[in-house]
Amino acid sequence: MFYNDEMTDAEFGLYQRLIYDTCGISLNLSKKQLLMSRLNKRMNNLGLASFKAYRDYVLGDKTGKELTLMIDAISTNKTDFFREPEHFEFLKHKVYPALSSQYRIRIWSAACSSGEEPYTLAITLLEYLNNISKKDVRILATDISTKVLDEAVAGLYSEERLRGIPAMFRQKYFLKGNNYWNGYYRAKEELSSLISFRRLNLMESFPMKGLFDIIFCRNVMIYFDKPTRDRLISKFSHKLAPGGYLFIGHSESLNGVPTDLKYVQPTVYRK
Ligand SMILES: C[S@@+](CC[C@H](N)C(=O)[O-])C[C@H]1O[C@@H](n2cnc3c(N)ncnc32)[C@H](O)[C@@H]1O
């Protein structure tokens with residue numbers, strides 16, 4: 001079943017507002033076709049024939065569940081293991097050696113998608129942080145989308161998706177599936193026990209009590225407008241320990257963002 005309802009520009013405007021208010025994602029009219037095709041999948045599941053009917057359904061669901069599913073449907077979740085590898089080199093050579101005398105280490109992957117980023121962080125910690133077994137080290141991994149978080153918690157990846165991982169690490173940190181799971185690999189307990197996955201909308205206040213030594217917020221700010229980015233960077237700065245690092249995506253920058261964070265090198269900032 002596929003509905004060919006056209007979305008008027010006025011209807012697009014209503015969705016644009018709803019999405020912006022909910023998760024900060026700023027869509028312009030050039031994204032109308034993309035939005036339509038993503039919403040269509042959800043509408044087909046529900047048997048709803050118009051964009052108006054779907055919006056009424058979302059707003060009428062006071063549990064907020066359908067709003068979450070709508071955000072799941074529209075968010076872009078592209079990610080990879082060892083994506084933007086310079087960041088992991090920087091951790092290995094500059095950050096982890098400096099943290100080696102510290103007992104408690106906290107890292108936050110703030111838009112973790114299906115988990116490749118926090119699992120990569122866990123691998124680098126196990127490989128490059130001295131005496132990790134004698135330390136209190138945790139990675140918090142959050143995302144707004146429950147769909148990708150379920151995948152992240154499962155930690156199950158096809159061979160194709162594991163391509164970014166050096167073969168040595170794949171053997172060491174992933175279990176190869178058999179029979180039905182042939183071609184799939186599961187992250188070992190050694191990795192997953194370092195990570196806590198939680199749903200968190202970056203537009204809301206941050207409930208975590210302690211400060212972080214490292215925050216990764218990569219490839220999500222591109223979807224936000226400047227006022228939203230400015231507010232978010234200020235919230236991150238409040239959550240960074242003195243000397244802590246913020247890593248952002250390679251097509252993102254803090255140019256023109258009012259902040260107390262100091263530029264270290266492209267896409268790396270420090271409190
Ligand atoms: C393109 S992925 C980036 C994943 C990973 N950080 C990386 O660079 O590979 C962007 C993620 O941001 C999440 N996201 C979008 N808006 C968000 C919000 N308001 N709060 C939290 N996560 C959000 C999406 O669900 C998606 O998983």
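The values are calculated or read from the model by the stated rules, or taken from the named source; none is laboratory data. Only a predicted model underlies this, so the values are computations on that prediction, with no experimental measurement involved. Positions of Cβ are backbone-derived with ideal geometry, glycine not excepted, and every protein chain shown enters the neighbour counts. When the accessible area is computed, the model is the full protein with side chains, heavy atoms only, and any ligands, DNA or RNA have been set aside. Shrake-Rupley method; radii C 1.70, N 1.55, O 1.52, S 1.80 Å.
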Condition broken by TYR54, with the remaining ones in (1) touching a residue at least 24 places away in the same chain (Cβ under 8 Å); (2) open to solvent by less than 10 Å² (accessible area, probe 1.4 Å) satisfied: (1)
Selection within region 196-221 - within 11 Å of the ligand (Cβ to nearest atom) and at pLDDT below 95: none
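Kindly indicate which of LEU129, LEU156 is under 29 Å from ASN201 (Cα atoms) and away from the ligand (no atom under 16 Å from the Cβ). Break it down into steps so the answer makes sense when it comes.
Values: LEU129 fails: under 29 Å from ASN201 (Cα atoms).
None of the other options fit; the residue is LEU156.
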Considering residues of region 233-252 that are free of Cβ contacts under 8 Å to residues at least 60 places away in the same chain and within 11 Å of the ligand (Cβ to nearest atom) only, the residue nearest to the chain's Cα centre (by Cα): ILE248
Test set (1) surrounded by fewer than 18 Cβ atoms within 10 Å (Cβ to Cβ); (2) in contact (Cβ under 8 Å) with a residue 40 or more places away in the chain; (3) over 18 Å from the mean Cα position of the chain (by Cα) - ARG38 fails condition number: (2)
LYS65 open to solvent by 30 Å² or more (accessible area, probe 1.4 Å), within 16 Å of the ligand (Cβ to nearest atom) and over 18 Å from the mean Cα position of the chain (by Cα): no
Selection from region 150-209 of residues that are of a type in the set (S, T, N, Q) and open to solvent by 90 Å² or more (accessible area, probe 1.4 Å): GLN171, ASN178, ASN179, ASN182, SER205
Verdict on THR76 being open to solvent by 60 Å² or more (accessible area, probe 1.4 Å), more than 16 Å from the ligand (Cβ to nearest atom) and among the polar types (S, T, N, Q): no
